[in-house]
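So the structure is just underneath, and the comments pick up after that.
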Amino acid sequence: MTVKLLFVFRLVAIAFIAAIASSHALACQCSSGFQGKDAWELAKQETEGATVVFEGTPEHFEVEWHLLNAKVGELVPTENATAGPGDWPRMVVTFRVQRVYKGEIGAEIQVRTGLGGGDCGAVFSPGMTYLVFAIKSEAKVLSVNMCSPGSWVGGSSAQAELRYLRKDRPVGSDLEPIRRWTEKEYATQEERRRRVYEEDAKRYAAVTGEICGTVASEKSKDEGTGIVSFLSTAGFSPAAHPTAYVRSDGSFCSRRLGPGKYYLYFTRESENGLTSAVYYPGVAEKEKATIIEVNAGQAQSGIAFKVPVQETHSVRGVLSIYDSSRVGAHVTYVTLVSLDGGSFRAQYQQRIDFEGSSALPTVKYFKFENVLPGRYTAYVSGLGRGWYTKKEEVSVTTHMKFVSLELFHQK
């Protein structure tokens with residue numbers, strides 16, 4: 001039995017905000033907990049341990065996070081090292097069900113998981129069919145994680161489970177004892193592993209596609225820098241969506257993508273934050289973007305991405321807090337999070353130092369220079385449990401913006 005370990009370094013995208021701001025990293029460690037003597041018995045245990053088991057295709061992805069769901073002016077808790085799992089951002093994936101093996105479910109079902117990229121979240125691609133083993137959590141919702149049984153139905157790793165669930169006869173490999181190989185045995189299996197990997201890759205390429213092209217910038221010194229994100233129109237995880245670095249000659253090519261429609265979103269960063277953020281073919285607004293369709297077994301090539309020079313502006317403000325001595329040793333940040341449908345990244349961030357502050361009303365000033373136009377939420381993070389701030393939105397257009405934030409403590 002392989003035990004999968006993943007140590008969270010710092011979460012990206014939305015989760016990146018919480019991890020960076022609170023300077024904490026959660027150890028993502030999980031195993032299936034099943035101890036079958038062979039793959040057939042293991043499939044039986046996995047099925048018995050799941051609430052529902054089904055084959056399905058993800059059709060919609062949605063980020064569930066209090067900051068995004070709250071209305072302007074509502075209190076939202078600050079992310080912090082003591083936050084419980086229910087406070088973390090997560091993905092809600094809606095599957096179109098194709099075949100049910102366990103549980104009473106309809107034509108569609110919603111399953112919750114992490115964002116991926118370090119929080120044990122399972123990652124699904126649009127247009128692909130998966131075997132899913134979901135369990136009902138304490139919150140009475142169905143959930144999976146990166147260590148849950150099941151996978152893409154065309155992969156070799158799912159075949160024993162599928163044979164068991166479909167009541168087919170087991171093959172020889174299904175009944176081979178699961179044990180730790182010796183170093184010599186592992187070496188002798190190298191050719192077999194390579195062959196299985198190549199066969200899986202070939203089958204996967206037949207049901208997926210790719211997008212390739214070039215990026216040209218109006219600022220010649222920036223040619224060949226940046227990242228292209230491939231954002232499914234069905235939704236996407238801000239932490240685990242497909243990306244590709246732009247090569248030194250300006251070219252880029254995605255990894256294999258599930259069939260469906262995608263926005264291409266180009267970003268370029270400096271040490272002070274984003275300097276470019278545009279949709280293909282070179283527009284700031286998603287509504288004006290051109291959508292690229294990916295078909296199974298095909299490649300979309302010749303995509304010419306024109307990146308214009310984007311004007312930037314400043315955002316300044318104050319952060320007010322009463323009895324800042326209660327903040328303790330927690331590091332506090334003010335962050336501008338994009339709300340314009342890109343990757344929701346922590347695009348601009350500034351540390352606020354309350355060290356040495358007295359138990360009196362305290363006002364701290366902050367400022368962000370070179371902010372790209374768009375809608376943002378100004379967010380305070382990194383404090384201990386019980387701290388709240390009102391959700392504030394900032395529309396950066398043609399001139400400097402000012403925002404006033406206030407921290408509240410509730411028992």
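The values are calculated or read from the model by the stated rules, or taken from the named source; none is laboratory data. Just so we're clear, the structure is a prediction, and the values are computed from it rather than from any experiment. In this analysis, Cβ positions are derived from the backbone assuming ideal geometry, glycine residues included, and neighbour counts consider all displayed protein chains.
Restricting to region 252-280, count the residues that are farther than 15 Å from residue 216 by Cα, surrounded by 13 or more Cβ atoms within 10 Å (Cβ to Cβ) and small (Gly, Ala, Ser). Selection size over region 252-280: 4.
Each row is one residue, and each column tells you yes or no for (1) modelled with pLDDT of 80 or more; (2) touching a helix residue (DSSP H, G or I) at 6+ places or on another chain (Cβ under 7 Å).
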position: 337; (1), (2): yes, yes
position: 341; (1), (2): no, yes
position: 344; (1), (2): no, yes
position: 347; (1), (2): no, no
position: 370; (1), (2): yes, no
position: 378; (1), (2): yes, no
position: 392; (1), (2): yes, no
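Note on region 220-271: enclosed strands (runs of 3 or more DSSP E) holding 3 or more residues that are touching a residue at least 40 places away in the same chain (Cβ under 8 Å) are 227-232, 260-270. Are any residues in region 92-119 surrounded by 22 or more Cβ atoms within 10 Å (Cβ to Cβ), out of contact with any helix residue (DSSP H, G or I) (no Cβ under 6 Å at 6 or more places or on another chain) and among the hydrophobic types (A, V, I, L, M, F, W, C), and if so, which ones? The answer is 93, 95, 111.
Scanning region 124-141 for residues that are closer than 20 Å to residue 44 by Cα and either modelled with pLDDT under 95 or touching a helix residue (DSSP H, G or I) at 6+ places or on another chain (Cβ under 8 Å) (or both) yields a total of 4.
The residues of region 130-152 that are under 22 Å from residue 178 (Cα atoms), among the aliphatic types (A, V, I, L, M) and surrounded by 20 or more Cβ atoms within 10 Å (Cβ to Cβ) amount to a single one, 131. For beta carbons closer than 7 Å, sequence separation of 6+ or different chains, a first residue in region 25-44 that is farther than 21 Å from residue 88 by Cα and at pLDDT 70 or above and a second that is in a loop (DSSP other than H, G, I, E, B) and of a type in the set (Asp, Glu), the qualifying pairs are 38/176. Residue 216 - would you say it is part of a loop (DSSP other than H, G, I, E, B), among the aliphatic types (A, V, I, L, M), farther than 25 Å from residue 35 by Cα and modelled with pLDDT under 95? No; evaluated as a whole, the condition is false for this residue. Just one of the numbered conditions (1) surrounded by 19 or more Cβ atoms within 10 Å (Cβ to Cβ); (2) within 27 Å of residue 295 (Cβ to Cβ); (3) of a type in the set (D, E, K, R) is not true of residue 161; which one? So residue 161 meets the others, but not (2).
Among the residues of region 233-243, at least one is modelled with pLDDT of 90 or more and of a type in the set (Val, Ile, Thr). Of the residues making up region 142-158, those that are over 20 Å from residue 240 (Cα atoms) and among the aliphatic types (A, V, I, L, M) are 142, 153, 158. Residues in region 175-188 that are over 18 Å from residue 38 (Cα atoms) and surrounded by 10 or more Cβ atoms within 10 Å (Cβ to Cβ): 187, 188. Among the residues of region 281-299, those identified as free of Cβ contacts under 8 Å to residues at least 40 places away in the same chain, surrounded by 13 or more Cβ atoms within 10 Å (Cβ to Cβ) and not in a strand (DSSP E or B) are 281, 282, 289.
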